[in-house]
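The structure appears below as structure tokens.
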Amino acid sequence: MASPELELVRELIELNWHTRNGEVEPRRIAYDRAQEAFGDLGVPPGEVVTVGHCTAEWVRPARRDGRTLLYLHGGSYALGSPQSHRHLSSALGEAAGAAVLALHYRRPPESPFPAALEDAVAAYRMLLEQGCPPGRITLAGDSAGAGLAVAALQALRDAGTPLPAAAVCISPWADLACEGASHTTRKAREILLDTEDLRRMAERYLAGTDPRHPLASPAHGDLTGLPPLLIQVGSEEVLHDDARALERAALKAGVPVTFEEWPEMFHVWHWYHPVLPEGRRAIEAAGAFLRTATGEVLK
């Protein structure tokens, strides 16, 4: 049974409907400030570091034990930043017992595919160069960031780079062709995403690249050799079939995959964890998965 807070969150989302379409720059500004609706969450900006052609922010929760989480934010590739997702990445880091490197990857239209992929690969390699053992590193991302995480894993595998222990995919946008039936069957139930807007964002990101390119749409990729994946998706999402397609690709490749469908939940409900109990529970479940993958469960 859904929490009483769910309806309040739905109303909050409806009030911000206007941010789902329009020009990129105003939407970026609105997205970066959206978490202010939750009040002061006590998560100050972290240390900013340079990673190749972009920057990243370190968020170090009190509870950590030599673990590192590389977090890739969502926002249809063109939106979002470490600022917009600081409250989410820090909560997941706390749940996972990991220091978080939140990547501010390059975004379209200024920097289309494969810029974000190159940045994600560079960030992971930087962690290795700094002495982080691959078995103590994990990846996580939401929406576009979840697709980017799996794309980066494929690129790292192909390059022969030691892979991290696991990855969490929250509401993954894994098929930029937007061909899943849930774009139609769940359209009336979706409260956050608009399929036509997603297609416009995909065009900005792809800049002429085939939307089925496996490093842009990992649901079409060969995931052989990738580490264990946790996929979390809400039952009401137009990207529900993206999550299922990613699961099928993992199973076909023999990758250990845990699939969680959360009843009555919408796209990246975790982002609303300051006011939504289901968001907090999903983050705790993801954190437990990452702790187990890195060899210990914190008490």
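The values are calculated or read from the model by the stated rules, or taken from the named source; none is laboratory data. None of the values given here were measured: they were computed from a predicted structure. Cβ coordinates were reconstructed from backbone atoms using ideal geometry, including for glycine residues, and neighbour counts include every protein chain displayed. Surface areas here come from the heavy atoms of the whole protein model, side chains and all, with no ligands, DNA or RNA. Shrake-Rupley method; radii C 1.70, N 1.55, O 1.52, S 1.80 Å.
Restricting the first member to region 97-124 and to residues that are over 15 Å from V24 (Cβ atoms), and the second to residues that are outside any helix (DSSP H, G or I) and among the acidic types (D, E), the beta-carbon pairs closer than 9 Å and six or more apart or on different chains are G97/D65; G97/E296; A98/D65; V100/E57; L101/E57; A102/E57; L103/E57; H104/E57. Taken over region 77-92, the criterion of being buried (at least 24 other Cβ atoms within 10 Å of the Cβ) and touching a residue at least 60 places away in the same chain (Cβ under 8 Å) is satisfied by Y77, G80, H85, L88, A91, L92. Consider region 221-235 and keep the residues that are touching a strand residue (DSSP E or B) at 6+ places or on another chain (Cβ under 9 Å) and part of a loop (DSSP other than H, G, I, E, B). The one that is surrounded by the fewest Cβ atoms within 10 Å (Cβ to Cβ) is S235.
Scan region 194-220 for residues that are open to solvent by 20 Å² or more (accessible area, probe 1.4 Å), out of contact with any His (no Cβ under 8 Å at 6 or more places or on another chain) and in a loop (DSSP other than H, G, I, E, B) and the total you get is 7. Considered as a group, the residues in region 246-256 that are surrounded by 21 or more Cβ atoms within 10 Å (Cβ to Cβ) and touching a residue at least 24 places away in the same chain (Cβ under 8 Å) include one that is nearest to the chain's Cα centre (by Cα), and that residue is L246.
Does R281 fit the bill of being open to solvent by 40 Å² or more (accessible area, probe 1.4 Å), in a helix (DSSP H, G or I) and of a type outside the set (V, I, T)? In short, yes. For the residues D210, D242, the requirement of being touching a strand residue (DSSP E or B) at 6+ places or on another chain (Cβ under 9 Å), of a type in the set (D, E, K, R) and modelled with pLDDT of 95 or more singles out D242.
Restricting to region 125-148, give me the number of residues that are assigned to a helix (DSSP H, G or I) and more than 26 Å from H267 (Cα to Cα).
Start the filter on region 125-148 by keeping residues that are assigned to a helix (DSSP H, G or I), which leaves 125-129, 134-136, 144-148.
Those left that are additionally more than 26 Å from H267 (Cα to Cα): 125-129, 134-136.
Residues in region 125-148 being assigned to a helix (DSSP H, G or I) and more than 26 Å from H267 (Cα to Cα): 8 in total.
Out of A116, A120, one residue alone is within 24 Å of P44 (Cα to Cα), modelled with pLDDT of 95 or more and among the hydrophobic types (A, V, I, L, M, F, W, C). It is A120.
Counting only strands (runs of 3 or more DSSP E) that fall entirely inside region 1-73 and contain at least 3 residues that are loosely packed, with under 14 Cβ neighbours inside 10 Å, the qualifying elements are 47-51. Quick check on my filter: what residues within region 239-274 are assigned to a loop (DSSP other than H, G, I, E, B), within 30 Å of L41 (Cβ to Cβ) and β-branched (V, I, T)? Residue satisfying the conditions is V268 alone. The test for being closer than 28 Å to S90 by Cα, aromatic (F, W, Y), under 15 Å from the mean Cα position of the chain (by Cα) and modelled with pLDDT of 95 or more does not hold for W262. Against the list (1) open to solvent by 40 Å² or more (accessible area, probe 1.4 Å); (2) more than 15 Å from the chain's Cα centre (by Cα), the condition H104 fails is (2). Kindly establish whether E110 is charged (D, E, K, R), assigned to a helix (DSSP H, G or I) and either open to solvent by 20 Å² or more (accessible area, probe 1.4 Å) or at negative phi (or both). No; evaluated as a whole, the condition is false for this residue.
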